[in-house]
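Take a look at the structure set out below.
The values are calculated or read from the model by the stated rules, or taken from the named source; none is laboratory data. Treat the numbers as computed from the prediction; the structure is a model and nothing was measured. Positions of Cβ are backbone-derived with ideal geometry, glycine not excepted, and every protein chain shown enters the neighbour counts. Surface accessibility is based on the protein's heavy atoms, side chains included, excluding ligands, DNA and RNA. Shrake-Rupley method; radii C 1.70, N 1.55, O 1.52, S 1.80 Å.
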Amino acid sequence: MESADEIKTLEDDGINWRTRILYPTLLGGIVGGGIGRTVYGRELMSTYATNLAIVTGCYCGAREFVRVSRHSGPDNLVDSAIAGFGTGAILGRLQGGPAGAIRYSIGIAVVGTGVDFAAIKLRPVFKNMYESVVVAGDEKKKGGFKWPEWLPIQVLDEEAQAAKRAREEALRARIRDMTKEES
């Protein structure tokens, strides 16, 4: 048996419990509230928010428990699948009996692992967007934000802003000319 000094925690691995458990749980509550409001209106918004927050919190806690037990890394999808099956089995058994345990375990395992897979794939995209901001030409400033090139929303430099103003003024002049011709 390990002594109290040898117990490994999430912080020892360089992983903060807030980013792995608390923030996803809060996000799950917000998403659940949004789904409840858009689908059923205000009456069931808090119910959906609470239920999705509970499921997300249980899943994230189980995922971290499995990760620490298996001595694996934070992005291991096997941990996500095992946690999803376990969480779904427990919550499904409470909600819908033995048949509910099977349905919930498969559903939570698939959805949870899918969300974790998407988070792993999207993490570099968000990290690059967050860390790269073009300031004064090609200089990059850490901690900023840069829109992707394919997005129509862009931060314009002085030259691009002047060109945009010129295009807008030319368009306004054409519209004025057209309205004068019609009257």
Open item on the list: Need one word for segment 9-72: rounded, prolate or oblate. Basis is the Cα gyration tensor (sqrt eigenvalues a ≥ b ≥ c); a/c below 1.5 gives rounded, then a/b vs b/c decides.
Closed with: prolate
- [ ] At 1.4 Å probe size, with every protein chain present, just tell me what the per residue accessible area of segment 9-72 comes to in Å².
- [x] 61 Å²
TODO: Give me the distance in nm between label points sitting 7 Å out from Cα along the Cα-to-Cβ direction at L44 and I175, one decimal.
DONE: 4.4 nm
Open item on the list: Could you tell me the calculated FRET efficiency between I35 and I153, based on Cβ-Cβ distance and R0 = 35 angstrom, to the nearest 0.05?
Closed with: 0.85
Task: Backbone HN-Hα couplings from phi across segment 90-95 [Karplus 6.51/-1.76/1.60, Hz, Gly and Pro as x] - done: 5, 5, x, 5, 5, 8
- [ ] Note down the accessible area of T38, probe 1.4 Å, to the nearest 10 Å².
- [x] 120 Å²
- [ ] Grab the Cα-Cα distance for K164 and L26, subtract it from 0.36 nm times how many residues apart they are, and report the gain in nm with one decimal.
- [x] 45.6 nm
- [ ] Determine ³J(HN,Hα), in whole Hz, for all residues of segment 48-64 in sequence, where each value follows from phi through the Karplus function 6.51 cos²θ - 1.76 cosθ + 1.60 and θ = phi - 60°; x replaces Gly and Pro.
- [x] 5, 4, 5, 4, 5, 5, 5, 4, 5, x, 5, 5, 5, x, 5, 4, 5
Task: Anisotropy class of segment 48-110 from Cα gyration tensor, a/c 1.5 cut - done: prolate
Open item on the list: Not counting ligands, DNA or RNA, and with a 1.4 Å probe, what is E159's accessible surface area in Å² rounded to the nearest 10?
Closed with: 150 Å²
- [ ] Calculate what fraction, in whole %, of the accessible area of segment 9-72 sits on carbon and sulfur atoms when a 1.4 Å probe is rolled over the protein chains.
- [x] 66 percent
